[in-house]
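The values are calculated or read from the model by the stated rules, or taken from the named source; none is laboratory data. Since the model is a prediction, treat every value here as computed from it, not as a measurement. Cβ: placed from backbone, ideal geometry, glycine included. Neighbour counts: every protein chain shown. Note: accessible area is taken over every heavy atom of the protein model, side chains too, but ligands, DNA and RNA are not part of it. Shrake-Rupley method; radii C 1.70, N 1.55, O 1.52, S 1.80 Å.
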Amino acid sequence: MVEPLLRVDGVVKEYGRGVLTRALDDVNLTLAGGEFAALIGPSGSGKSTLLNVIGLLDSPTRGRVLVGGTVATGQSERSLTALRARTLGFVFQFHHLLPAFTALENVMLPAWGDAGFASAEMMARARELLVDVGLGDCAGRRITQLSGGQQQRVAIARALSRRPPLILADEPTGNLDTASAEAVLLLMRRFNRELGTTFLIVTHDPRIADRCDRVIEIVDGRIRSDGPPGLASAGGSAAPVSVARTAP
Amino acid sequence: MPFEWFVALRYLRDGKAQTALILAAVSVGVAVIVFLSALINGLQVSLIDKTLGAQAHVTLRAPRESPTALAFDAPGRAISRSVQPASQRLRSIDQWPAIMAGVEREPGVVAASPMVVGAGFAVRSDATCPVVVRGVDPERFLSIVDLRKKVVAGRFDVSGDNIVIGAALASDLGVFVGDKIHVTTTEGGDEVATISGVFALGNEPVDKAWVVTSLKQAQALYALPGGATTIELKVREVFEAESIAQSVRDRTGLDVVSWMKQNAELLAGLSAQSRSKNLIEFFVVVAVALGIASVLIVSVVQKSREIGILRAVGTPSRRVLLVFLIEGGVLGLCGSVVGSLLGSLLSKLFESLARGDDGAPKFPVQLDLELFVFATAVATGVGLLSAVIPARRASRLDPATAIRNG
Ligand SMILES: Nc1ncnc2c1ncn2[C@@H]1O[C@H](COP(=O)(O)OP(=O)(O)OP(=O)(O)O)[C@@H](O)[C@H]1O
Ligand SMILES: [Mg+2]
């Protein structure tokens, strides 16, 4: 059968020495191409940790992560960087753009930093993306001259710039008002529909979660429920797990 | 433009205050090095120039006569002996044309001049002055000590019975160009000569004593027909004079001295001066390096989040390393350009402030391309080296940590 885009196999993540904090406790998860999934859970439940592990920014204490069938866990920092550049896009919790650079330069960053040289093609693509996220006029502006919502949209454009198959977004609408949050969500849905990009979105906002195709709830580092929206918010103890998606 | 350069330059431009501060530090350091070197090199060059103004780089003479013992020790015999140095009469160098042709081919030698040099007296009516007679082949002599430039009255002409004398001697004798004087020597020579020119080298013993005549006249004065008592050499690199003298000595067996031997004290002083200059420069370089390194380390800490982002979106760590190396190198390079300008300006200002009576600078400075190239290379190298530690730190930052602490 076809390898899923992402597979998380029995991942445990512990922090600290001596007194250990178990941020992730035996997490199993698969994501197929074209999915649009939300990751929810109380603060401190391990959402960002899971995203960092999936994003190959952090290595798990036990278990492994497979991206597109390749075992990423245990590879050298160098090949992880390359894998990250090719397959993953990030929208961070604190949008994390480079303030010294313009919106356009920030969007070009992933392709540019990997290739070493800026090409006309890169620039054209970045411009196109900025137009797509409604910031065609702001291309030459410094990040510090943009509003929070605009910055978040630049971050999404940047995540999309290399057309990665998987985008990991950590509270992309966290600091936005309802209208801006709505715009950002619509944007992500559009790219999901048009390009088939897979999204995994961490959110605290039930309205956002409800509009995803799949909601994964994590509590105390364990997956408590996984399925279509509506199930998780029921808060039942015996959380149903979407067998169809998690079975290999 | 390569990505690393773009990011490095952008960061330098963005952190204006930091960049300006560190540039100022590098500039001041380089300016000190340039100024110090220009001043000390200038002083040394002018000292050596003065010293070599009337002196050949290497002088060859006939070997000194040594006393010959008439009785020898033998087993069972004791002798009492008193040895006195032999009196040195003026002698010609044996086969001097062949020897001169040989030393002229010696590598590093640019000119050779045969001479008859001896003591004598210049006499005019009631004035008698001790002099040094130098019989020269004018063309060859002038290529070693260019007296033409120092002639203050008349012209340089030693043809026929013409002679050229020092200005102090002329005033001692009370003579002018066109006057005739007697030149007598210890060997019994006595000739009447016409003064064609008077020179002033600015070197008292020379100006007071030199009587320059033709080789032929001097040979007659000292009864050395066809002879030459001395061969003077000019070499390309003045500091190679001693090694050239050594090789000539070995080859010819003559009495050969270089200006370096004759001025050993001066040279010892100069080299002590150079050493202390190098020491000062070394500490300036260390201070500049520490300055660059500390500012860059601070900037790596300040930018750790941004470095994390760069890494997370797929920038290889070697590019991050390069960004900071470039920052260090560029700071060193720009600082050295500004510092070189500053140092040159300072040197010129200093030179123009202190002038002697004749308007010539008391402290001539020596600014040459070599100095700027040296300062630039050192500053850029130091910039790169001091960026190594910060750059490695930056490239090893863990992206997850950098991002988490948003
Ligand atoms: N670097 C770290 N060192 C030690 N403990 C950590 C570290 N990072 C996270 N933790 C712990 O791991 C647990 C999970 O943290 P995580 O950031 O994944 O939570 P989260 O679900 O993203 O929370 P929030 O919704 O507030 O962002 C928390 O208990 C946290 O204190
Ligand atoms: Mg979080």
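Per the listing A:G196, A:G174, the residue uniquely closer than 26 Å to A:E35 by Cβ, surrounded by fewer than 20 Cβ atoms within 10 Å (Cβ to Cβ), within 14 Å of chain B (Cβ to nearest Cβ) and touching a residue at least 24 places away in the same chain (Cβ under 8 Å) is A:G174.
Scanning the stretch A:69-106 for residues that are more than 8 Å from every other protein chain (Cβ to nearest Cβ), over 14 Å from the mean Cα position of the chain (by Cα) and open to solvent by 30 Å² or more (accessible area, probe 1.4 Å) yields a count of 8. One residue alone among B:I280, B:I244, B:I181, B:I231 is closer than 27 Å to B:N41 by Cβ, touching a Leu at 6+ places or on another chain (Cβ under 7 Å) and of a type outside the set (K, R), and that residue is B:I280. Here the condition is being assigned by TED's automatic domain parsing to the domain that holds B:A20, open to solvent by 70 Å² or more (accessible area, probe 1.4 Å) and outside any helix (DSSP H, G or I); of B:F363, B:F350, B:F374, it holds for B:F363 alone. Within the stretch B:265-305, the set of residues being within 14 Å of another protein chain (Cβ to nearest Cβ), assigned to a helix (DSSP H, G or I) and touching a residue at least 40 places away in the same chain (Cβ under 8 Å) comprises B:S299, B:S304, B:R305. Scanning the stretch B:177-190 for residues that are closer than 30 Å to B:D49 by Cα and in a strand (DSSP E or B) turns up nothing. Scanning the stretch A:106-162 for residues that are in a loop (DSSP other than H, G, I, E, B), basic (K, R) and modelled with pLDDT under 90 turns up just one, A:R162.
Tell me, yes or no, whether the stretch A:52-60 has at least one residue that is within 16 Å of ligand 1 (Cβ to nearest atom), in contact with a strand residue (DSSP E or B) (Cβ under 7 Å, 6 or more places away or on another chain), aliphatic (A, V, I, L, M) and farther than 20 Å from A:L160 by Cβ. Yes: one or more hits.
Sort through B:S317, B:S395 and tell me the only one that's in contact (Cβ under 8 Å) with a residue 24 or more places away in the chain, surrounded by fewer than 20 Cβ atoms within 10 Å (Cβ to Cβ) and within 14 Å of chain A (Cβ to nearest Cβ).
When all the criteria are applied, what remains is B:S317.
Exactly one residue out of B:V58, B:V7, B:V32 is within 26 Å of the chain's Cα centre (by Cα), surrounded by 14 or more Cβ atoms within 10 Å (Cβ to Cβ) and at pLDDT 90 or above, and it is B:V58.
All of (1) outside any loop (DSSP other than H, G, I, E, B); (2) farther than 15 Å from B:A31 by Cβ hold for B:G335 with one exception: (2). Scanning the stretch B:219-260 for residues that are surrounded by fewer than 14 Cβ atoms within 10 Å (Cβ to Cβ) and among the basic types (K, R) yields B:R236, B:R251.
Close contacts from the stretch B:14-26, counting a first residue that is within 12 Å of chain A (Cβ to nearest Cβ) and a second that is open to solvent by less than 60 Å² (accessible area, probe 1.4 Å), with Cβ to Cβ under 7 Å and a gap of 6+ residues or different chains, come to B:D14/A:A100; B:G15/B:S299. Selection of first residues in the stretch A:71-88 that are touching a residue at least 60 places away in the same chain (Cβ under 8 Å) and of second residues that are of a type in the set (D, E), restricted to Cβ pairs under 8 Å at least 6 apart or on distinct chains, gives the following pairs, ordered by first then second residue: A:A85/A:D114. Which of the residues that make up the stretch A:14-70 are among the acidic types (D, E) and within 16 Å of ligand 2 (Cβ to nearest atom)? Within the stretch A:14-70, A:D58 is the sole residue that qualifies.
Suppose we filter B:V211, B:V183 for residues that are in contact (Cβ under 8 Å) with a residue 12 or more places away in the chain, under 37 Å from the mean Cα position of the chain (by Cα) and open to solvent by less than 30 Å² (accessible area, probe 1.4 Å); which single one remains? One residue alone meets the criteria, B:V211.
Of the listed requirements (1) outside any loop (DSSP other than H, G, I, E, B); (2) more than 15 Å from B:I292 (Cβ to Cβ); (3) aromatic (F, W, Y), B:F324 misses just one: (2).
For the stretch A:80-105, which residues satisfy the criterion of being more than 16 Å from ligand 2 (Cβ to nearest atom), among the hydrophobic types (A, V, I, L, M, F, W, C) and either farther than 21 Å from B:L321 by Cα or not in a loop (DSSP other than H, G, I, E, B) (or both)?
Going residue by residue through the stretch A:80-105, those that are more than 16 Å from ligand 2 (Cβ to nearest atom) are A:80-89, A:97-105.
Among the residues that remain, those that are also among the hydrophobic types (A, V, I, L, M, F, W, C) are: A:80, A:82-83, A:85, A:88, A:97-98, A:100-101, A:103-104.
Those that are more than 16 Å from ligand 2 (Cβ to nearest atom), among the hydrophobic types (A, V, I, L, M, F, W, C) and either farther than 21 Å from B:L321 by Cα or not in a loop (DSSP other than H, G, I, E, B) (or both): A:L80, A:A82, A:L83, A:A85, A:L88, A:A103, A:L104.
Taking the listed residues B:S317, B:S299, the one that is in the same structural domain as B:I40 (by TED's automatic domain parsing) and at pLDDT 85 or above is B:S317, with no other qualifying. Return the pair list, or none, for Cβ contacts closer than 8 Å from residues in the stretch A:20-48 that are at positive phi to residues that are near ligand 2 (Cβ under 10 Å from one of its atoms) and open to solvent by 10 Å² or more (accessible area, probe 1.4 Å), at least 6 apart or on different chains. These pairs meet every condition: A:G41/A:K47.
Restricting attention to the stretch A:11-42, and to residues there that are open to solvent by 40 Å² or more (accessible area, probe 1.4 Å) and within 14 Å of chain B (Cβ to nearest Cβ), which single residue is farthest from the chain's Cα centre (by Cα)? Ranking the candidates gives A:G16 first. For B:L201, indicate whether it is outside any strand (DSSP E or B) and modelled with pLDDT of 90 or more. The answer is no for B:L201.
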